[in-house]
Amino acid sequence: MQTQVGIIGAGPAGLLLSQMLHLRGIESVIIESRSRDAIEATIRAGVLEQSTVDLMVEIGAGERLKREGFVHHGIELRFGGRGHRINLHDLANGRTITVYAQHEVLKDLIALRLRTGGVIHFEAKADAVEDVTTESPQIRFMTNDGQKHVLRCDFVAGCDGSYGVSRSAVPEHEVRHDYFRIYPFGWFGILAKSPPSSFNATPTTRSTTGLTSAFGKNCRRGSKAMASGSRPGPFFRKVSFRYAPSSANRCSMAGYS
Ligand SMILES: Cc1cc2nc3c(=O)[nH]c(=O)nc-3n(C[C@H](O)[C@H](O)[C@H](O)COP(=O)(O)OP(=O)(O)OC[C@H]3O[C@@H](n4cnc5c(N)ncnc54)[C@H](O)[C@@H]3O)c2cc1C
């Protein structure tokens, strides 16, 4: 098997890259370890910045996004029960944030890629990337029927995330230089079927910060920043989302719940 660009990973990076190459007449093959159904059902990101929306439109994947995306013109920060609106639209020359879930982006990109003749091997796990410093790198991968394959490429694009095989295949120090900043906290999130919310970051107690964001027209996500390794604790009893009606509604704004 041979191609110009072998792409590992059918996430947003791999799919966008493949379509952008296609529009410039460059052929590519995507190797993806998960099934199409699994990719299209995994909930992750929900917010697209303007440049991402512009790129989706430019490559021909923006039709549903434009129709169904939920445009936000700003955010509201709340301290001590008072809201402080940050009008991003005015501050950033008319640029906005669009709420459109990542799995919807992936559905659109996969459909477009397949419609325009793209090759995506689903349930095909890359085991190794070899000869990365030569003119002809190759990807070894296995399909779900147990068959092993080799994809010879002019270039390999490792779009399989920082824990994928690509990064470790690039020799550290000689070629690869890692620059990491690991923050000592993570996010604990709950997805709820609920009417639209304002898009607001809300410190709800003196010690904790929460974020409630719309995740589509009938869904929202509540998140709490937590020290790495800690447990959610009583935060979600204190913050009143739709599923905690007895608490004081610290996230509410006029016209929203
Ligand atoms: C809970 C959560 C919320 C987020 N919210 C936002 C948000 O609101 N806005 C935002 O911009 N970003 C957000 N992000 C970040 C965003 O999801 C990532 O930046 C984005 O998914 C990165 O895309 P990617 O294509 O680089 O990698 P990924 O999406 O991780 O895709 C990598 C792909 O490679 C495949 N793969 C891995 N190893 C192999 C292998 N060996 N062989 C073949 N395939 C392989 C994986 O199955 C996967 O499909 C969020 C992330 C999470 C987890």
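Read the figures in this text as sums done on the coordinates, not as results from a lab. Being a predicted model, the structure only gives us computed values, none of them experimental. Here Cβ is always computed from backbone atoms with ideal geometry, including for glycine, and neighbour counts include all displayed protein chains.
Here are a few things to note about the model shown:
- Between amide H atoms placed 1.01 Å from N, distances below 5 Å from residue 194 occur with 219, 220, all of them 5 or more places distant or on a separate chain.
- Relative packing of peptides 66-78, 98-110 - highest average C-beta neighbours within 10 Å first: 98-110, 66-78
- Size of electric dipole in region 25-169: Cβ of Lys, Arg +1 and of Asp, Glu -1, about Cα centre, debye, nearest 20: 540 debye
- Amide H contacts of residue 99 (H built 1.01 Å from N, under 5 Å, at least 5 apart or other chain): 48, 70, 71, 72
- Whole-number percent relative contact order across region 1-106, with pairs defined as alpha carbons under 8 Å at least 6 apart: 29 percent
- Once the Cβ-Cβ distance of residue 123 and residue 40 is raised to the sixth power relative to R0 = 22 Å, the FRET efficiency obtained is 0.95.
- Look at where the Cα atoms of region 42-61 and of region 88-116 average out, and the two centres are 2 Å apart.
- Distance in nm between pseudo-label sites at residue 231 and residue 63 (7 Å out along the Cβ direction from Cα): 5.0 nm
- Burial order of peptide ranges 156-166, 113-123 (average beta-carbon count within 10 Å, highest first): 156-166, 113-123
- Contact order relative to length of region 62-196, as percent, for alpha carbon pairs under 8 angstrom and 6 or more apart: 13 percent
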